[in-house]
Amino acid sequence: MSEITTGITIGGAGGAIAGITVWILQYLNLQITKSCHKRRIYNWLKKNTENTNSMKFRSTRAIASWNNLTEDRVQYICSIHKKIYLSTGEIEDLWSLYERGER
């Protein structure tokens, strides 16, 4: 009887450790992917809005197209990035590295 209890305990502990390990690896993968997408979008915006006054803001669709991401992913990444700002002008869904005024 004690061998069965020991086996169940070892199996339960092993399963718990495996479950926690899988969760940690998934979380790390998500964070690394998010970081890569943030860097890719920021660098693209920096390159494509820096030298032109007429193109200070770029649309979600343009960013998604050039960076091979979905529009939903671009909206999410731009909304959580500290250095990317949403346009407050008449045209919606535009993003820039330049803030319009004091916060």
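Here are the numbers:
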{"quantity": "Helical mean residue ellipticity (222 nm; -39500 (n - 2.57) per DSSP H run of 4+; nearest 500) of the chain", "calculated": "-22500 deg cm²/dmol"}
{"quantity": "Phi to ³J(HN,Hα) by Karplus 6.51 cos²θ - 1.76 cosθ + 1.60 over region 86-94, Hz, x for Gly, Pro", "calculated": "7, 5, 10, x, 5, 8, 8, 6, 10"}
{"quantity": "Label-point separation, Arg39 to Ile80 (7 Å along Cα→Cβ), nm", "calculated": "1.6"}
{"quantity": "Quarter of Cα convex hull surface for the chain, i.e. mean projection, nm²", "calculated": "9.5"}
{"quantity": "Span-rule helices in the chain, defined as complete DSSP H runs reaching 18 Å or more along the axis (Cα) with Kyte mean at least 0.0", "calculated": "2-49"}
{"quantity": "Theoretical gain in end-to-end length, Ile20 to Met55 [0.36 nm per residue, Cα-Cα removed]", "calculated": "7.9 nm"}
{"quantity": "Magnitude of the charge dipole, region 1-77, Cβ model with Lys/Arg +1 and Asp/Glu -1, debye to 20", "calculated": "720"}
{"quantity": "Mean separation of Cα contacts under 8 Å (6+ apart) over length of the chain, as relative contact order %", "calculated": "22"}
{"quantity": "At most 10 other Cβ within 10 Å, DSSP loop - trypsin sites (Lys or Arg not before Pro), region 31-91", "calculated": "Lys82"}
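Every number here is computed from the coordinates shown, using simple stated rules; none is lab data. Only a predicted model underlies this, so the values are computations on that prediction, with no experimental measurement involved. Note that we place each Cβ from the backbone using ideal geometry, even for glycine, and neighbour counts take in every protein chain shown.
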